[in-house]
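One structure below.
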Amino acid sequence: KVTESFCLNEIRLAAKMGIDPFEMRAMNCYKESEGTTIPTGFPPDVYCEEALFEKARPLYEAGKKRVAEKNAGSDGRYKYGIGVSLGVYGCGLDGVDASSAQAELNPDGTVSIYTCWEDHGQGADMGALVSAHETLRQAGIRPEQIRLVMNDTKICPNSGPAGGSRSQVMVGNAIRVSCEMLLAAMKKPEGGWYTRAEMLEKGLNPKQEGTWTAPCKPCSSDTGKGEPFCCYMYGLFLAEVSVEVKTGKTRCDRLVCSCDIGKINNRLIVDGQISGGMAQGVGLALTEDYEDLKRDSTMAGAGIPNIKDIPDDIEIIYTESPRKDGPFGASGVGEMPLTAPHAAIINGIYNACGARIRHLPARPEKVLAAMPKK
């Protein structure tokens with residue numbers, strides 16, 4: 001709601017000032033040269049937004065040209081538009097947050113990683129594997145030599161919830177720390193690495209537990225100032241839409257995300273997360289509603305988008321600014337693509353037909369009612 005309100009207010013301001021909405025946002029993004037701070041009074045983890053705009057600008061200009069050509073060649077049945085929005089999201093549980101993991105050297109030379117990185121489709125197994133391998137490869141341990149013991153709360157330490165886009169930062173760091181502790185215990189003074197049997201003979205523990213605590217400060221209840229998150233995610237969204245003039249029915253034709261989520265752990269999984277998040281943004285913008293318990297108790301009734309509702313034309317542009325507190329420079333990703341694609345779509349509707357939608361979803365009857373009357 002905050003993102004939606006901010007984006008709509010900003011586009012109204014841009015229209016009144018005669019400034020392109022994209023340039024209005026670019027003018028007001030976080031800038032290191034100006035010492036810009038986040039709303040809680042501290043500098044952002046990285047100043048990356050200017051780069052996001054620079055990379056997206058040619059795509060935005062091409063999109064404006066494309067919708068202008070479509071409108072010029074239209075028979076009047078449809079109107080076309082392009083919208084822009086910017087989303088920022090913090091990784092973690094607001095304020096103090098910690099996570100634990102374990103790494104154990106096995107008799108056969110493999111390493112087991114114990115973690116409660118809950119997987120609800122985001123690729124927790126790959127996140128855990130790469131977070132471990134980035135450290136363990138110092139000892140020549142290959143990915144196939146890493147065994148994952150996931151989410152068995154009887155034998156795995158508390159890694160915290162898989163929410164708030166915290167897992168890659170919090171659990172990834174805990175895995176990194178546990179692997180670093182294991183390597184420190186395995187390392188021979190003269191060089192090389194102990195086997196598990198050698199470690200036990202020398203009284204060294206072949207199973208190490210690492211805990212990582214975020215260097216954060218909760219916001220003051222009096223001033224609102226603080227550092228609630230150590231890592232953030234940034235996403236600039238472009239949406240091209242078509243609106244059927246007679247009915248108000250809107251379709252999202254193209255989505256672009258220019259983003260910075262730090263160093264990328266696994267590009268295929270991240271591509272999937274961002275594409276999936278933007279698909280959810282289409283549903284939030286145009287069809288999803290949960291106000292009528294009878295109607296909205298099924299996927300179809302609630303308006304969850306199907307494959308025909310999601311554009312085939314989705315483009316993701318990465319900027320990789322390493323995070324000093326993220327494991328190997330990574331930040332989170334899960335909720336970045338959910339922050340503002342819906343606002344870009346709503347802004348695209350206004351650009352197409354002049355209809356300002358202030359309450360989601362932008363169902364056809366709302367768009368039709370909001371169109372300026374001739």
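The values are calculated or read from the model by the stated rules, or taken from the named source; none is laboratory data. What you see is a predicted model; the values in this text were computed from it and never measured. Glycine gets a Cβ as well: all are built from the backbone with ideal geometry, and neighbour counts include every protein chain shown. The accessibility values were calculated without ligands, DNA or RNA, using every heavy atom of the protein model including side chains. Shrake-Rupley method; radii C 1.70, N 1.55, O 1.52, S 1.80 Å.
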Solvent-accessible area of ARG176, probe 1.4 Å, all protein chains present, reported in Å² to the nearest ten, please. 50
Probe 1.4 Å, all protein chains in place: accessible area of THR213 in Å², nearest 10? 80
Where Rh is the Kirkwood radius over the Cα pairs of the chain, the temperature 25 °C and the viscosity 0.890 mPa s, what D in µm²/s does Stokes-Einstein return? 109
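Lys and Arg at +1, Asp and Glu at -1: add these up for the other residues within a Cβ distance under 11 Å of ALA26 and post the number.
Within the 11 Å Cβ shell, the charges total -2.
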Share, in percent, of DSSP beta bridges within the stretch 223-374 that are antiparallel, nearest 5: 65
Among 231-239, 82-90, how do they line up by average Cβ neighbours within 10 Å per residue, starting with the highest? 231-239, 82-90
Apportionment of accessible area to carbon and sulfur, the chain, percent (1.4 Å): 54
Positive-end residue of LEU129, ALA185, SER159, charge dipole of the stretch 104-193 with Cβ unit charges: ALA185
Charge dipole (the stretch 218-288, unit charges on Cβ, about Cα centre) - positive-most of SER242, GLN273, CYS257: SER242
Add -39500 (n - 2.57) for each DSSP H run of 4 or more in the chain, then divide by its residues: what number comes out at 222 nm, to the nearest 500 deg cm²/dmol? -11000 deg cm²/dmol
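For each pair in LYS31/LYS79; LYS70/LYS366; LYS225/LYS324; LYS294/LYS373; LYS31/LYS217, compute the distance between the two Cα atoms and list the pairs where it is over 32 Å.
LYS31/LYS79; LYS294/LYS373
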Enter the angle in degrees (range 0 to 90, nearest 10) between the Cα long axis of helix 124-136 and the first principal axis of the Cα atoms of the chain, meaning the one along which they spread out most. 50
For the chain: relative contact order, % (alpha-carbon pairs under 8 angstrom, 6 or more apart): 23
Quick one: accessible area per residue over the stretch 304-374, 1.4 Å probe, rounded to a whole number of Å²? 46
Mind listing the Cα extents of the stretch 274-374 along all three principal axes, in Å, largest one first? 54, 36, 24
Per residue, accessible area of the stretch 21-102 with a 1.4 Å probe, heavy atoms of protein chains only, in Å², comes to 48
With everything on Cα atoms, drop me the angle between helix 341-353 and the longest principal axis of the chain, reported from 0 to 90° to the nearest 10. 10
Give me the aspartates and glutamates in straight-line cross-link reach of LYS249: C-alpha distance below 18 Å, same-chain residues under 8 apart excluded. ASP75, GLU240, GLU288, ASP289, ASP309, GLU365
Long-range Cα-Cα pairs in the stretch 1-159 (distance over 27 Å), rounded percent: 54
Charge dipole of the chain about the Cα centre (unit charges at C-beta), most positive-ward option of GLY73, VAL333, GLN138: GLY73
Total formal charge among the other residues, if their Cβ is under 14 angstrom from that of VAL67, Lys/Arg +1 and Asp/Glu -1: +1
Reach of LYS188 by Cα under 26 Å, taken over lysines that are not fewer than 8 positions away in the same chain: LYS202, LYS207
Charges only on Cβ, +1 for Lys and Arg, -1 for Asp and Glu: so what's the dipole of the stretch 61-219 about the Cα centre, in debye to the nearest 20? 620
Relative to the longest principal axis of the chain, what angle (0 to 90°, nearest 10) does the C-alpha long axis of helix 267-286 take? 40
Accessible-area order for HIS120, HIS133, HIS359, HIS342, largest to smallest, probe 1.4 angstrom, reads HIS120, HIS359, HIS133, HIS342
Can you tell me the convex hull volume per residue for the stretch 158-304, based on C-alpha atoms, in Å³ to the nearest whole number? 245
